[in-house]
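The values are calculated or read from the model by the stated rules, or taken from the named source; none is laboratory data. It should be emphasised that the depicted structure is a prediction, and the values quoted were computed from it without experimental measurement. Virtual Cβ from ideal backbone geometry, glycine too; neighbours counted across all protein chains shown.
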Amino acid sequence: MKNTVYTHTGDKGTTGLIGGTRIAKSDKQLEAYGSVDELNSFVGLLYTYIINDHDKGVLFTIQNKLHQVCSCLATDYSSAGLSRIKKLTSENVKSMEHEIDVINAQLPLLNSFILPGGCRAAAVAHICRTVCRRAERRIYSFRDEQHPVDHELLEYMNRLSDYFFVLSRKVNIENKTDEILWDNSCI
């Protein structure tokens, strides 16, 4: 049996959902889970720059949760038997809040906006933060078309972007790299 990557099924501008339904590649549902998939790729890049084993473990967990988010968003729930897709829970949200709180307790107070940058890990964490915010907007846009999206999934994505922000600050400190503060006098 040959294992091919290409199937030709998307050559006419459609893609398949879990459950078999085909949708246009420009559909808001695909935009939603495609943006989450893009975020997951950037998290994989961020992982390569992180030294702290605990943070690497958190990022690995995040990647698995993002794959779970994609599964939830790529499912046609009107098809029979698809309720087995594992959804995010309030515990997933609380776990992310705990990680944010632990990191934030170690950080100096902010007196200015921070520009994305610093060490490479911090810069990539900022990319993850902004891609996460875009993915969140795409998910809301999909939901606004009367598609069901669990509240916990939305909360998780919202917390996740905050996590990347505090992680960017933490890794700059760990790498003895100054944060880049916004100079609003240059306006």
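Numbers for the structure displayed
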quantity	calculated
Test for D76: is it of a type in the set (D, E), surrounded by fewer than 20 Cβ atoms within 10 Å (Cβ to Cβ) and in contact with a Lys or Arg (Cβ under 9 Å, 6 or more places away or on another chain)	no
Selection count where residues are among the aliphatic types (A, V, I, L, M), surrounded by fewer than 22 Cβ atoms within 10 Å (Cβ to Cβ) and under 13 Å from the mean Cα position of the chain (by Cα), scope region 117-176	3
Complete set of residues in region 95-125 that are closer than 20 Å to H67 by Cβ and not small (G, A, S)	M96, E99, V124
Close pairs (6 angstrom Cβ cut-off, 6 or more residues apart or separate chains): within 13 Å of K170 (Cβ to Cβ) in region 38-63, among the basic types (K, R) and modelled with pLDDT of 95 or more anywhere	Y49/R120; I50/K56
